[in-house]
Amino acid sequence: MIERPRILVVAATERELASPDGWLALECGVGPVEAGATTAMAIARHRPTIVLHVGIAGACRRRAFAPATLVIGTAARYCDLGVKTYFAPSTVLAAPALLAAAARLLPAAPQLVIGTSARIGGATDCDVEAMEGFAVLRAAELAGVPAIEIRAISNDIDELDRGRWHFDAAFAAITEATPILVREFIRCAS
């Protein structure tokens, strides 16, 4: 008998997590340190077969993404590290099978490298930035668990006035997409 895939959905905050329906949900905390440590502990405890990292993100103004645009991360790049890769990796690729499934499910979603930085505006070499992706995907990679990052755009990276960010639309978009993605990943893995 083939065991049903155990999917761990990880987000920084509770507002980014859809109510679990057949999957494990983890609020990993904000920033790469909390995200990496919390995700590694959850992977060791729950032994998921897939990790789906979701949340909101900022994007470069020149991309002109509408609020709540979903972005599929082809890779997560740690932009704060600043050392040669032989000392420590700075990029984790999304699992190819998950990337293909997400692209089929969300054909209009841009597929981009998503930068991870502990500070807003720190992912200067990426068009989309968030604060946890690399840490979550690296924890999964070290555990041998396929992972992917999907984000909903809430703001322009250089917009410092959080009153102009589109939190509600981005939270709604990512929590709507999560169950659909989980069902597709289960179907593909079964």
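Considering region 155-190 alone, what residues qualify as being at pLDDT below 95 and of a type in the set (G, A, S)?
G163, A189, S190, listed by residue number.
For region 78-98, how many residues are assigned to a strand (DSSP E or B) and either crowded, with 22+ Cβ neighbours inside 10 Å or on the phi > 0 side of the Ramachandran plot (or both)?
If we filter region 78-98 for residues that are assigned to a strand (DSSP E or B), which is where we start, we get 78, 91-93.
Adding the requirement that they be either crowded, with 22+ Cβ neighbours inside 10 Å or on the phi > 0 side of the Ramachandran plot (or both) leaves 78, 92.
Going through region 78-98 one residue at a time, the tally reaches 2.
Any residue at all in region 66-73 that is surrounded by fewer than 18 Cβ atoms within 10 Å (Cβ to Cβ) and more than 24 Å from R15 (Cα to Cα)?
Looking through region 66-73, none of the residues is surrounded by fewer than 18 Cβ atoms within 10 Å (Cβ to Cβ) and more than 24 Å from R15 (Cα to Cα).
Within region 44-58, how many residues turn out to be surrounded by fewer than 23 Cβ atoms within 10 Å (Cβ to Cβ), of a type outside the set (G, A, S) and either touching a residue at least 40 places away in the same chain (Cβ under 8 Å) or closer than 14 Å to R138 by Cβ (or both)?
First pass over region 44-58, keeping only residues surrounded by fewer than 23 Cβ atoms within 10 Å (Cβ to Cβ): 44-47, 49.
Add one more test, that the residue is of a type outside the set (G, A, S), and what stays is 45-47, 49.
If we keep only those that are either touching a residue at least 40 places away in the same chain (Cβ under 8 Å) or closer than 14 Å to R138 by Cβ (or both) too, we end up with 46-47, 49.
Matching residues across region 44-58 total 3.
So in region 8-41, with the set limited to residues that are touching a residue at least 40 places away in the same chain (Cβ under 8 Å), assigned to a loop (DSSP other than H, G, I, E, B) and not small (G, A, S), which one is nearest to F171 (Cα to Cα)?
Looking at residues that are touching a residue at least 40 places away in the same chain (Cβ under 8 Å), assigned to a loop (DSSP other than H, G, I, E, B) and not small (G, A, S), I get L17.
For region 135-190, give me the residue count where each residue is surrounded by fewer than 22 Cβ atoms within 10 Å (Cβ to Cβ), outside any helix (DSSP H, G or I) and among the acidic types (D, E).
4
The values are calculated or read from the model by the stated rules, or taken from the named source; none is laboratory data. The shown structure was predicted, so the numbers you read here are calculated from the model rather than taken from an experiment. Using ideal geometry, Cβ is built from the backbone for each residue, glycine included, and neighbour counts are taken over all protein chains shown.
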